[in-house]
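**Student:** Shown below is the structure under consideration.
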Amino acid sequence: MHLHTNGLPHRRILISCLISILYLSFSTTLAARGITIGAGHSIDLGAGVVSLGCGDLVNDGQLFLGSAVISDVRHLVNGGVIEAQSGELSLTGDWTDNGTFNAGTSLVGMTDGCGTAASTVNGSNTFFDWSATTSAGKQLNFTSGATQNVLNALVFNGSPGGLLAIRSTVADDPGFLELAAGGSQSIDYVDVRDNHAPEPGQFMAPGFPEDYNSVDSGGNFRWFGSNRLTITVYKDFNDGNPAEIVAHKECNTGLPLNVSAGVREGNPITFITNNIDSGATDCTVTETVPAGYSVAYATEAGGETNPDGCVYEDIEQGAELECFITNSVEPAAVTVRKLWFDEHPEFMNPLIAEAEYQCFGEGQVDPASPEGLNLLFFSGSDSSDSFFVIPHWNGQTTCTVSEVTVPLDVESDDSDCEDIPVLLGHTPPQGPGEADCTITNTRFYEGIPTLNSHGLILLALLMLGIGFIGLRRLA
């Protein structure tokens with residue numbers, strides 16, 4: 001160890017590896033109960049082993065650790081320069097650096113002893129290797145709002161009988177811990193509250209707290225869990241359709257941002273997104289809606305539905321979310337046209353006609369259809385009416401429409417209304433005069449009500465000769 005003073009001759013003092021008592025009558029004082037280095041003075045510990053016997057290390061000058069080991073320090077207060085080099089410094093109390101601490105490749109350790117049950121790291125600091133360990137239980141306080149940077153290795157270890165409690169100096173106002181991406185971490189038996197591990201530093205203790213024999217007491221960021229989220233998607237068709245639909249997940253942060261996958265009823269899928277920005281990630285899950293179905297989304301089983309998707313906002317790290325997608329069959333409209341033929345439409349009064357419909361297969365008539373005996377009503381020479389069907393996913397739903405009673409003076413000429421296929425997503429004809437099927441009729445006329453005088457004379461002669469004449473218009 002080398003002792004240097006300003007204005008005094010240099011003196012080399014050889015000290016054994018374990019210092020018991022040493023008193024020097026200079027402004028720089030070393031003692032078994034502590035070391036105080038005055039302003040303008042320096043100590044170079046070389047490769048020594050120094051125990052301060054629970055004394056304080058106070059430096060207002062320069063301290064060169066070399067490869068030395070300093071142990072049993074109670075509190076460290078630095079107002080000067082500490083060149084830590086490759087040394088080790090172990091303390092049981094508080095760390096206060098108001099000067100310059102050049103970490104080098106050194107180790108700073110905080111341990112039990114000296115009657116201190118807590119250690120506070122004041123201000124922001126940078127360590128190369130930093131450890132805090134306890135077997136009896138200890139509290140390690142971070143200054144709220146300040147950042148502790150660790151360049152290489154971090155060790156926070158408690159014990160089964162005494163957790164290492166990591167706290168902020170102000171409740172609900174976190175301290176910050178930033179472990180370099182290439183560093184290592186050893187976390188075991190800790191109780192963490194109000195501590196944030198911001199990027200680009202490492203995520204601390206990824207996994208469940210119990211994986212580390214630890215406790216997550218809240219207020220933490222990027223501690224435990226992981227900086228990923230999962231969204232499990234469940235599919236339900238109200239008609240039991242086994243078809244696969246395509247679900248889509250979109251997020252504003254994380255990897256991947258967007259992804260799609262097929263999902264079937266009874267076979268949920270899980271979207272995994274890594275590297276999310278915890279507390280600032282928003283995601284939405286939707287589907288490509290299958291033809292013939294409506295869709296409803298819910299973020300919990302039996303929860304409130306949203307037609308726009310499963311929407312999640314401000315997602316926290318490690319979130320395990322769920323999305324429930326339900327598809328319901330949309331009723332399909334079947335349109336029937338009733339068409340009358342007449343060469344003399346000026347003779348025709350508005351005509352009333354009825355038709356009855358029946359459906360077959362596993363589909364069913366929509367219960368919301370107009371009440372009645374499955375009847376359609378037509379009025380006029382060219383009119384339409386519709387009914388609604390809930391088709392089945394197997395595609396085997398058919399319907400047939402038949403006229404109810406055809407009057408004696410009406411001829412049923414044509415109908416293509418048998419076995420009409422009704423499929424999911426069936427779209428009724430949109431244009432005027434268009435229909436899924438058409439029923440065509442022709443009407444007979446008994447006499448012509450408008451004849452001139454010559455026609456009346458001719459009609460009278462004919463009736464005298466041959467009786468009643470039925471005039472019929474052919475379509």
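Taken together, the values in this text are just the output of simple stated rules run on the coordinates, not laboratory data. On a predicted model such as this, the values are computed, not experimentally measured, just so you know. Cβ coordinates were reconstructed from backbone atoms using ideal geometry, including for glycine residues, and neighbour counts include every protein chain displayed.
**Student:** Under the rule a/c < 1.5 gives rounded, and otherwise a/b versus b/c splits prolate from oblate, where does the range 118-261 land using the Cα gyration tensor?
**Tutor:** Here the range 118-261 falls in the prolate category.
**Student:** Assuming R0 = 45 Å, what is the FRET efficiency of Glu300 and Phe377, from their Cβ-Cβ distance, to the nearest 0.05?
**Tutor:** Working from the Cβ atoms, E equals 0.45.
**Student:** Over all directions, how big on average is the projection of the convex hull of the alpha-carbon atoms in the range 24-117, in square nanometres?
**Tutor:** So the mean shadow area of the Cα hull is 5.2 nm².
**Student:** Could you compute the FRET efficiency for Thr126 and Asp282, with r as their C-beta to C-beta distance and R0 at 30 Å, rounded to 0.05?
**Tutor:** With R0 = 30 Å, the Cβ-Cβ based efficiency is 0.30.
**Student:** Stretch Asp314-Glu418 to full length: gain in nm at 0.36 nm per residue minus the Cα-Cα span?
**Tutor:** Value of the extension gain: 31.8 nm.
**Student:** Indicate the gyration tensor shape class of the range 221-344 (rounded, prolate or oblate), computed on the Cα atoms with a ≥ b ≥ c the square roots of the eigenvalues: a/c under 1.5 is rounded; otherwise a/b larger than b/c is prolate and the rest oblate.
**Tutor:** The shape class here is prolate.
**Student:** Quick check: pseudo-label points 7 Å beyond the Cα along Cα→Cβ at Val289 and Thr232, how many nm apart are they?
**Tutor:** With each label point 7 Å from Cα toward Cβ, the separation is 2.7 nm.
**Student:** A further question follows. Counting only DSSP beta bridges with both residues in the range 213-336, what percent are antiparallel, rounded to the nearest 5?
**Tutor:** Bridges in the range 213-336 that DSSP calls antiparallel: roughly 80 percent.
**Student:** Still on this structure: Efficiency by 1/(1 + (r/R0)^6): what FRET value for Leu257 and Ile352, r their Cβ-Cβ distance, R0 = 56 Å, to the nearest 0.05?
**Tutor:** That pair, Leu257 with Ile352, gives E of 0.35.
**Student:** Highest mean first, what order results for 208-215, 35-42 on Cβ atoms within 10 Å?
**Tutor:** Result, highest mean first: 35-42, 208-215.
**Student:** Give the lysines whose C-alpha is closer than 25 Å to that of Lys235, dropping any in the same chain fewer than 8 places away, or say none.
**Tutor:** The qualifying lysines are Lys249.
**Student:** Right, next: Could you state, as a whole-number percent, how many of the C-alpha pairs of the range 107-191 are farther apart than 14 Å?
**Tutor:** For the range 107-191, the fraction of Cα-Cα distances above 14 Å is 61 percent.
**Student:** Determine how many Å³ per residue the convex hull of the Cα atoms of the range 189-256 encloses.
**Tutor:** Normalising the Cα hull of the range 189-256 by residue number yields 149 Å³.
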